[in-house]
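A quick write-up on the structure given underneath.
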Amino acid sequence: MLGFTYVQPNLQNWCYDRMSAICRIKVNFRKIKIMSYKEFESPHEWDRFCSYISEINRYVLDEHWKKFFNVILFTARKREIILKNGVTLVRARIGSLYNEWEDSDGEPERYYGPLAQKEIGAPPPDKSKDGRINPRGISCLYLSTDIKTAISEVRPWLEQYVTVGCFEIIKDLKCIDSSKDETRGCYFDLREAEGVTPEVNPKTKEEYVWGGINESFSRPINPGDEHIHYIPTQYLSAHFKAAGYEGIIYKSALTKEGKNIVLFNPKNARLKGASLFRIKSIDYIYEKDGNPHSYKVSHLE
């Protein structure tokens, strides 16, 4: 007959240890889930999102892109600034107010002045066109930090009149400032060509994504291409607005130091005055790129 000793299990301790293990699993799972909303999946994600929202699905995000926007809103906290009450900004509009009359001798007199107040501010919703921040029918106020930037953004030609209005911020505004996020270009790793997904640290991924966001806000768009190219930034801006932000600040691509500020609510700034400017010169500084694929055309006899 085999002999053995039967040990009565301590059910209380067993249950405690088991529940403790389950709790640890749940806590660790929660930590993983929270971390996933703090970190971008790839340095390419902004470019991929632009393709998705422009070419695949414009109005409804799948679960991957919902997560992507959660990470954007999380990392946006580092870029929060308060645009202070009383700050002065400027806005340029092409055009002038023209009047003509006869003087006491019957000679024609001409007067050029700045546009009327209603022409300088944000357009009403029924006249609002697609912008890089707003879709058609939703009005925003586009401003700049200095006169040169404001005039450059409207791209006038020689001898054209430009009205520049001076606006004052009337209350503290919580804004997103992406102007310090430098464009990093396209991330490339040779291992990707071999089908290997390289490990990229979270800081690098964030720099590439936010650099792409600032470039998309800043990049000049050719006339006629606005609708398709503005879709990603319009969608992103709507998320910022829904999250409680009151404006967006981004770097100008047309001047070295200038920035552009867009207010979701045009009533948060008031016009203080306006001046008329005339464009006297436009200077392009350029150099040959050195592209080896330049060519000459030979005329056959």
Could you please tell me which pairs satisfy a Cβ distance under 7 Å, a separation of 6+ or placement on different chains, a first residue in region 52-73 that is over 13 Å from E41 (Cβ atoms), and a second residue that is at pLDDT 90 or above and assigned to a loop (DSSP other than H, G, I, E, B)?
L73/A243
Could you tell me whether any residue of region 132-150 is surrounded by 15 or more Cβ atoms within 10 Å (Cβ to Cβ) and of a type in the set (F, W, Y)?
yes
Which listed residue, of I138, I151, is among the aliphatic types (A, V, I, L, M) and either in a loop (DSSP other than H, G, I, E, B) or within 17 Å of R270 (Cα to Cα) (or both)
I138
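Within region 252-277, how many residues turn out to be of a type in the set (F, W, Y) and under 17 Å from the mean Cα position of the chain (by Cα)?
Qualifying residue count, region 252-277: 1.
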Restricting attention to region 211-243, which residues are of a type in the set (S, T, N, Q) and part of a loop (DSSP other than H, G, I, E, B)?
N222
Any residue in region 63-76 that is under 20 Å from Y245 (Cβ atoms) and in contact with a strand residue (DSSP E or B) (Cβ under 7 Å, 6 or more places away or on another chain)?
yes
Subset of region 66-82 (residues that are of a type in the set (S, T, N, Q) and out of contact with any helix residue (DSSP H, G or I) (no Cβ under 7 Å at 6 or more places or on another chain)):
N70
Residues being exposed (fewer than 13 other Cβ atoms within 10 Å of the Cβ), at pLDDT 65 or above and under 25 Å from R79 (Cβ atoms) - total across region 184-218
2
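Being part of a loop (DSSP other than H, G, I, E, B) and either among the acidic types (D, E) or in contact with an Asp or Glu (Cβ under 7 Å, 6 or more places away or on another chain) (or both) is the filter here; which residues of region 154-170 pass it?
So the first thing to find is which residues in region 154-170 are part of a loop (DSSP other than H, G, I, E, B), and the list is 155-160, 170.
Hit for region 154-170 is E159, nothing else.
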Out of (1) part of a loop (DSSP other than H, G, I, E, B); (2) farther than 30 Å from A116 by Cα; (3) not aliphatic (A, V, I, L, M), the one E207 does not meet is (1)
If only one of K148, K127 is in contact (Cβ under 8 Å) with a residue 60 or more places away in the chain and among the basic types (K, R), which one is it?
K148
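Yes or no: region 227-250 includes at least one residue that is of a type in the set (S, T, Y), surrounded by 15 or more Cβ atoms within 10 Å (Cβ to Cβ) and within 24 Å of I94 (Cα to Cα). First the steps, then the outcome.
Just the residues of region 227-250 that are of a type in the set (S, T, Y), to begin with: 230, 233, 235, 237, 245, 250.
With surrounded by 15 or more Cβ atoms within 10 Å (Cβ to Cβ) added as a condition, the list becomes 230, 233, 235, 237, 245, 250.
With the extra rule that they be within 24 Å of I94 (Cα to Cα), the set shrinks to 230, 250.
Within region 227-250, one or more residues are of a type in the set (S, T, Y), surrounded by 15 or more Cβ atoms within 10 Å (Cβ to Cβ) and within 24 Å of I94 (Cα to Cα).
Confirm whether R91 is at negative phi and touching a residue at least 60 places away in the same chain (Cβ under 8 Å). Give the derivation first.
Values: at negative phi: yes; touching a residue at least 60 places away in the same chain (Cβ under 8 Å): yes.
Yes, satisfied.
Got at least one residue in region 244-253 being touching a helix residue (DSSP H, G or I) at 6+ places or on another chain (Cβ under 7 Å), in a helix (DSSP H, G or I), on the phi < 0 side of the Ramachandran plot and not polar (S, T, N, Q)?
For region 244-253, residues touching a helix residue (DSSP H, G or I) at 6+ places or on another chain (Cβ under 7 Å), in a helix (DSSP H, G or I), on the phi < 0 side of the Ramachandran plot and not polar (S, T, N, Q): absent.
The values are calculated or read from the model by the stated rules, or taken from the named source; none is laboratory data. In this text, all values refer to a predicted model and were calculated from it rather than measured experimentally. No Cβ is skipped: glycine too gets one built from the backbone with ideal geometry, and neighbour counts run over all protein chains shown.
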